[in-house]
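Accompanying notes for the structure given below.
The values are calculated or read from the model by the stated rules, or taken from the named source; none is laboratory data. All figures in this text were calculated on a predicted structure; none of them were measured in a lab. Note: ideal-geometry Cβ built from the backbone for every residue, glycine included; neighbour counts use all protein chains shown.
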Amino acid sequence: MEVYKNPHVKPTEEKLKPKLFSVIKGYTPQQCAKDITAGVIVAIIALPLSIALALASGVNPEQGLYTAIVAGFIVSFMGGSRVQIAGPTAAFATIVAGIVASQGMDGLVISTVMAGIIMILMGLCRFGKLIKYIPGTITAGFTFGIAVTIVIGQIKDFLGLTFKNAPIETVDKVTEIFSCMNTFNPWALLIGAISLAILILWPKKLEKIPASLIAVIVCSAIVELTGMKVNTIEDLYTISSDPPKFALPAVSFARIKALVPSAFTIALLAAVESLLSCVVADGMIGSKHRSNMELIAQGAANIGSALFGGIPATGAIARTAANVKNGGRTPISGMVHSVVVLLILVILMQFAGLIPMPTIAAILFIVAYNMSGWKNIRNTIKTAPKSDIAVLLVTLTLTVVFDLVVAIGVGMVMAALLFMKRMADVTEAHTWVDADDEETDPDNISLKRIPEHTKVYEINGPMFFAASEKFGYMLDDKETNVLVVRMRNVPAIDASGVAALTDVVSRCRKQGVKVVFSHVNPQPMHAMDKAGLVEIVGAENFCDHIDTALLRAGNISLSAAVSKGA
């Protein structure tokens, strides 16, 4: 029989309650041991990353550790996820470097505190679910663009170049690289190449020990023992092993006004990346995060990080995944991670000055590669409509050439305009045959006989990025042999909608359930065919009418029953 979902029933409102307070009730000594182990391992992973990301952001190395300590602890204590690990991430490197260069550290502190306040207000206003209205093409575009800017920014240290100027813009950095190529240091390139080799090859053999830590130890030892003329952290920066200290910036109304755009950029990016990390973590542990509570925690964490000498923070997908893989299942592991990083800062920070700058560059190359999502970019260009591809490429280009504020602003305007055009192209006016048409429509599903072990879902309206999550519940019954998806009222579909249908089909195939589509309109049919979904499902399972689809479903169910009986 068909299952109907009442659109007028409101879902239960999400609690504004930290996950820690929910999971601590049934906490066991066994899970405590696993959380401590995971926290220690994540801290070891976070150590070189936090230092590298601080340097990429144009601040001192210990400020990356301050961020992991303060923001990491607050997010774990207050957050809406069981396993989220927060700290400095590559997404902020270019933004932070630009703010520090133009507004100084006080400007960064003010921007980050304002961003934290914005995120807290977003959480209190229940804006957590609204993040889905940012199209995936924009997220993919600016993420890849940020990865490109990180790579360009690290070429100087990887090749051991000596710049004559201190360029801020990415285009200017490219010009400076070519003009200063005569200062190339072959020893720096050698250390960078060794670091890259370790970072690429080590995980294939011993994944438990972080490759970045091995690269730091090995290359630091090589430079120190051989006396190679390669810049290290202590050659360029003053290192402090002091714990985080509270400090207030010099605030004025004029500075606040000037920094509002930067604050909104930090808030938006932190919110998007944190909630994406939560979604990834949910899939790994079978949990469900509280998005609004997570926004409040991220806001508080950024305020705390800024006031204690850190930089903007957000949920770190790679560190969160490492936490889960090593047994972390509660926020305790994230809190342990912060405490361990604090101990390392106080006890071992003096040795951080020995780390070669080409090794830092190599670590950031790998970080940029991992965050770039190039496979997603490639698949989008191959399968998505031209309008989605245009939004992606424009966002990517503007991120590299200008900055994230311009890229997201232009990308959102483009996505909105193209979506409105798409809706206008498929909208039509027609005369009603009967005032009570719903009751007399011969194609009303209530007048049809549904074959046994068959479910029918009818999708009404366009399948686009903001609605794509609504289709995940289609397959929730193990007794189903055939799933019929009726699409006569779907005038248009975008890349996110195709991805949602592909996910449904994939889950059905894993459970041995056949999928039959009924009355797919021309634009969705073209998009599904281009994405390879028609080939996966089989052209014979695309029917032009619900009667044909139900007949096809009945034959499939009958064949399945005969096969089981045989």
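Checking the stated criteria, S179 turns out not to satisfy the condition of being polar (S, T, N, Q), assigned by TED's automatic domain parsing to the domain that holds L108 and either surrounded by 14 or more Cβ atoms within 10 Å (Cβ to Cβ) or free of Cβ contacts under 8 Å to residues at least 12 places away in the same chain (or both). Among the candidates T454, T399, T380, the residue that is buried (at least 19 other Cβ atoms within 10 Å of the Cβ), farther than 30 Å from P135 by Cβ, modelled with pLDDT of 70 or more and not assigned by TED's automatic domain parsing to the domain that holds A270 is uniquely T454. Just one of the listed residues (V151, V113) is part of a helix (DSSP H, G or I), farther than 30 Å from D494 by Cβ and either under 25 Å from the mean Cα position of the chain (by Cα) or among the polar types (S, T, N, Q) (or both), and it is V113. Of all residues in region 92-112, those that are more than 15 Å from A258 (Cβ to Cβ) and buried (at least 24 other Cβ atoms within 10 Å of the Cβ) total 4. Screening the candidates L225, L276, L259 for the property of being modelled with pLDDT of 90 or more, among the aliphatic types (A, V, I, L, M), touching a helix residue (DSSP H, G or I) at 6+ places or on another chain (Cβ under 9 Å) and assigned to a helix (DSSP H, G or I) yields one hit, L259. Of all residues in region 529-540, those that are assigned by TED's automatic domain parsing to the domain that holds G497 and more than 21 Å from V482 (Cβ to Cβ) have Cβ atoms under 9 Å from Cβ atoms of residues that are of a type outside the set (A, V, I, L, M) and not in a helix (DSSP H, G or I), 6 or more apart or on another chain, in K530/P385. Among all positions in region 365-374, there is no residue which is over 21 Å from the mean Cα position of the chain (by Cα) and of a type outside the set (S, T, N, Q). For region 368-377, the criterion of being under 30 Å from K229 (Cβ atoms), in a helix (DSSP H, G or I) and either touching a strand residue (DSSP E or B) at 6+ places or on another chain (Cβ under 6 Å) or not assigned by TED's automatic domain parsing to the domain that holds D494 (or both) is satisfied by at least one residue.
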